[in-house]
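Here's the structure we're looking at; comments come further down.
The values are calculated or read from the model by the stated rules, or taken from the named source; none is laboratory data. Remember, predicted model here, so these are calculated numbers, not experimental data. No Cβ is skipped: glycine too gets one built from the backbone with ideal geometry, and neighbour counts run over all protein chains shown.
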Amino acid sequence: MAHISTVVCTSHSPWLFAGPDDWISQGAERYADGKQKPKVPTDSPEVTAEKHARCMRAFEVLRKHVAAKRPDVLIIFGDDQTEQFDFKNLPAFNVFLGAQFEGWKISHYLGMPKHGKQREARPKTAENWTAIDGHPELAKALTVGLMDRGFDVSYSLEMNDPEEGMGHAIMRAATVLTPAYDIPVIPFLVNCCYGPAPRGKRCYELGRALREAIEAMPLDLSVAVVGSGGLWHMLRAPEPILDEAFDGAVLDGVRSGNARAIAAMLDGYAQPVDPADPGAVRYASNGSGMVLGIGHGSGEVRNWITAAAVADGKPGTVVDYVPIYASPIGVAFAYWDQV
Ligand SMILES: [Fe+2]
């Protein structure tokens, strides 16, 4: 029978794919025009270097953990940020069923995510772009199994936008965890960024159903489940903060094996939005005009909830939590040895 061999969660911020000098220079550049006034401290070059080294060590821990479990396939929960889907059609949940997909190993753009047209596109060469095998047999069985359990997931037999490639949340996690791209990956997209996004409770229930569906399959497969994204980062916020209490609550739920508590925390987090303020509504909904729950980067905690729910009841190990004030983002890395 198919079984879950491990659950891993990791941040995938572009800051994790840049050096400490970039953190300093890009942090300064990001706020140079004065449009955003961050309410966070500034790190010294020494602290910046140490924080960067901690993140790279955490990536290594997760990579070795996954390799030791020798999974046959990874299911990666990640959010799409207009890479495959946009407001023409924005699924809450989408499973990729194809035999192979392609995408940017790290990013469409060189360096850090500067604003709009300032960004320089990478050449689409083997250094930057790769193909990854999917797992149609498991992905199709999973889609049927979830539908049978009341989850009306959408699915893609082929990529919606092959030129743009699979989204960063899937590609970066695959790059970190399987740098040789030699383990098939099922991309499982969860709308995290655009209102209305699925409630944390629904993501929790999805993770539980996914485990049940996998364990009912007559397939001899070892499955690793990955949650990609987070933690707190509100993109382009006028006064960016780092909500370390929010992040702490997520990691408490990981350590205690209580994914339901993380979901309840997310669903209970009140965003102060004045419905009469179009700019505030636009920001809180990330452009859809419909506000429900936290979106933007912080909403990627849904990917952690869905993955953590697969291992619910078992304590997880938090490898590290690093507040990167230059962004600002709280990045975190965790795994479940017992699932
Ligand atoms: Fe992301």
Given the conditions (1) touching a residue at least 12 places away in the same chain (Cβ under 8 Å); (2) more than 16 Å from MET234 (Cβ to Cβ); (3) of a type outside the set (S, T, N, Q), report the number of the one that ALA276 does not fulfil.
-> (1)
If you take the residues of the range 312-339 that are of a type in the set (A, V, I, L, M) and assigned to a strand (DSSP E or B), which of them is nearest to ASP22 (Cα to Cα)?
-> ILE324
Those residues of the range 1-30 which are in a loop (DSSP other than H, G, I, E, B) and out of contact with any Lys or Arg (no Cβ under 7 Å at 6 or more places or on another chain) amount to MET1, ALA2, SER11, SER13, ALA18, GLY19
Based on what the data block shows, is THR10 crowded, with 21+ Cβ neighbours inside 10 Å, hydroxyl-bearing (Ser, Thr, Tyr) and within 16 Å of the ligand (Cβ to nearest atom)?
-> yes
Residues of the range 250-259 that turn out to be crowded, with 19+ Cβ neighbours inside 10 Å and either more than 23 Å from VAL66 (Cα to Cα) or small (Gly, Ala, Ser) (or both), as a count | 2
Complete set of residues in the range 292-306 that are away from the ligand (no atom under 11 Å from the Cβ) and in a loop (DSSP other than H, G, I, E, B) = LEU292, GLY293, ILE294, GLY295
Do we have any residue at all in the range 17-31 that's surrounded by 15 or more Cβ atoms within 10 Å (Cβ to Cβ) and within 16 Å of the ligand (Cβ to nearest atom)?
-> yes
If you take just the strands (runs of 3 or more DSSP E) that sit entirely in the range 43-157, which of them hold at least 3 residues that are buried (at least 16 other Cβ atoms within 10 Å of the Cβ)?
-> 73-78, 93-96, 100-104, 129-133
From the options ALA126, ALA141, residue that is away from the ligand (no atom under 16 Å from the Cβ) and either in contact with a Pro (Cβ under 8 Å, 6 or more places away or on another chain) or free of Cβ contacts under 8 Å to residues at least 60 places away in the same chain (or both) | ALA126
Single residue of the range 167-192 satisfying the filter (assigned to a loop (DSSP other than H, G, I, E, B) and within 16 Å of the ligand (Cβ to nearest atom)) that is surrounded by the fewest Cβ atoms within 10 Å (Cβ to Cβ) | ASN191
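Would you confirm whether or not the range 275-291 contains a residue that is closer than 20 Å to THR10 by Cβ and either surrounded by 15 or more Cβ atoms within 10 Å (Cβ to Cβ) or of a type in the set (Val, Ile, Thr) (or both)?
no
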Counting only residues that are surrounded by fewer than 22 Cβ atoms within 10 Å (Cβ to Cβ) and within 16 Å of the ligand (Cβ to nearest atom), which one in the range 199-242 is nearest to HIS296 (Cα to Cα)?
-> LEU235
Single condition GLU164 does not satisfy, out of (1) within 30 Å of LYS37 (Cα to Cα); (2) at pLDDT below 95; (3) within 16 Å of the ligand (Cβ to nearest atom) | (1)
